[in-house]
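S.K.: Structure incoming, see below.
The values are calculated or read from the model by the stated rules, or taken from the named source; none is laboratory data. This one's a predicted model, so the numbers in the text were calculated from it and none came from an experiment. Cβ atoms come from the backbone with ideal geometry, glycine included; neighbour counts cover every protein chain shown. Side chains are part of the model used for accessible areas, which takes the heavy atoms of the whole protein and leaves out ligands, DNA and RNA. Shrake-Rupley method; radii C 1.70, N 1.55, O 1.52, S 1.80 Å.
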Amino acid sequence: MPSPEDLQRRIEDAIPGARADVKDLTGGGDHFRATVVAPGFADLSRIEQHRQVYAVFGSEIGGPIHALSLETRAE
Amino acid sequence: MSDNPVREAIQEAIADHEIILFMKGTPERPMCGFSARTTAALEALGTEYAAVDVLPDPRIRQELSAISNWPTIPQLFVKGELVGGCDIVTELYESGELAQALGVEAPEEAPQHAPAAAEPGAPPLTIDNNLVDRRSA
């Protein structure tokens, strides 16, 4: 079962300069909310920012990670 | 004959409807909190939209995500383009940009904060693959 710390570390490792704050919304280890701030988001649309974060987890989204709610920004 | 009728049906639906929401359940009976929240934002703007329930057939979700390169449900399309899922639609609603993204006038009385979604309705889960066109409702 993934922990918020796992998700945070994986996002920060995968996206250059990213800082992530991840919360387990239900305590059940499958519904998370992440706020991700990364300098590389500056030139990306919201859709592309979210896609980059989802891409870190691939097919785990919808599987072990049932839901990952996102808020992304550049600064 | 198409190799992939489900994918073609989805592409056609996206092309044929200016505003179309792929969701779990129906606008009247959303089956997931994220879908409920997204429909609530659309309803608050008085938007007419088509809605497709992805639950009756897992291939809908699979093919939709392959087309859109977006892993989660709901997914809102406007004029053939993916606008986003629940988070982005809610953000756009709260910043006042959603009406513009949808090409509709924002009602003056629209609340500033995203409307709270009703609790997802309980089953029965109906098997219904037909597009619900809200304009004819």
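S.K.: Using Cα-Cα distances under 8 Å and only pairs 6 or more residues apart, what relative contact order does region B:15-59 have, in percent? Show your work: numbers first, answer last.
M.R.: On the way: 44 pairs, mean separation 23.8, N = 45.
Relative contact order, region B:15-59: 53 percent.
S.K.: For the interface of chains B and A, what total accessible area is buried with a 1.4 Å probe, rounded to the nearest 100 Å²? Before the final figure, lay out each step's value.
M.R.: On the way: alone 7860 and 4440 Å², together 11040 Å².
Summing both sides, the interface buries roughly 1300 Å².
S.K.: With 15 Å as the cut-off, how large is the P(r) tail for region A:32-75, expressed as percent of Cα-Cα pairs?
M.R.: Working: 356 of 946 pairs.
That fraction is 38 percent.
S.K.: Can you tell me the alpha carbon radius of gyration of the protein assembly as shown divided by the globular rule-of-thumb value 2.2 N^0.38 Å?
M.R.: Numbers: Rg = 17.1 Å, N = 212, 2.2 N^0.38 = 16.8 Å.
Output field value: 1.02.
S.K.: Select from region B:12-83 those GluC sites (Glu not before Pro) which occupy a DSSP coil region and have at most 11 other Cβ atoms within 10 Å, ordered by residue number. Intermediate values should be presented prior to the final figure.
M.R.: Numbers: sites: B:12, B:18, B:28, B:43, B:48, B:63, B:81; in loops: B:18, B:28, B:48.
Filter output for region B:12-83: B:28.
S.K.: Same structure, new question: Out of every Cα pair in chain A, what percent are spaced more than 21 Å from each other? Provide the component values of the computation, followed by the final result.
M.R.: Details: 480 of 2775 pairs.
I get 17 percent for the Cα pairs in chain A exceeding 21 Å.
S.K.: Once fully extended, how much extra length lies between residue B:57 and residue B:69, figured as 0.36 nm per residue of separation less the alpha-carbon to alpha-carbon distance? Present the calculation step by step, with values, prior to reporting the outcome.
M.R.: Details: separation 12, 0.36 × 12 = 4.32 nm, distance 1.89 nm.
Taking residue B:57 through residue B:69 to full extension adds about 2.4 nm, to one decimal.
S.K.: Could you work out the Rg to Rh ratio of region B:61-106, with Rh taken as the Kirkwood radius (inverse of the mean 1/r over all Cα pairs)?
M.R.: On the way: Rg = 11.3 Å, Rh = 11.1 Å.
With Rg and the Kirkwood Rh in hand, the quotient comes to 1.01.
S.K.: Nearest 5 percent is fine: what portion of the DSSP beta bridges confined to chain A is antiparallel? Don't jump to the answer; show the numbers that get you there.
M.R.: Working: 6 of 14 bridges.
Looking only at bridges with both residues in chain A, the antiparallel portion is about 45 percent.
S.K.: Place a label point 7 angstrom from the Cα of residue A:23 along the Cα-to-Cβ direction, then list the residues of region B:59-87 whose backbone nitrogen is under 19 Å away.
M.R.: Answer for region B:59-87: B:86-87.
S.K.: Considering only DSSP beta bridges with both partners in the protein assembly as shown, what is the antiparallel share in %, to the nearest 5? Display every interim value, and only then the final one.
M.R.: On the way: 16 of 28 bridges.
Of the beta bridges lying entirely in the protein assembly as shown, close to 55 percent run antiparallel.
S.K.: Express the accessible area of chain A per residue in Å², computed with a 1.4 Å probe while the remaining protein chains stay in the model. Please list the in-between numbers first.
M.R.: On the way: 3810 Å² over 75 residues.
So chain A comes to 51 Å² accessible per residue, rounded to a whole number.
S.K.: Could you tell me which residue out of A:25, B:75, B:104 lies farthest along the dipole of the protein assembly as shown toward its positive end? Charges go on the beta carbon: Lys and Arg +1, Asp and Glu -1, centred on the Cα centre.
M.R.: Highest projection toward the positive end goes to A:25.
S.K.: Got the relative contact order for chain A handy, in percent, Cα pairs under 8 Å and 6 or more residues apart?
M.R.: On the way: 124 pairs, mean separation 25.2, N = 75.
Over chain A, the number comes to 34 percent.
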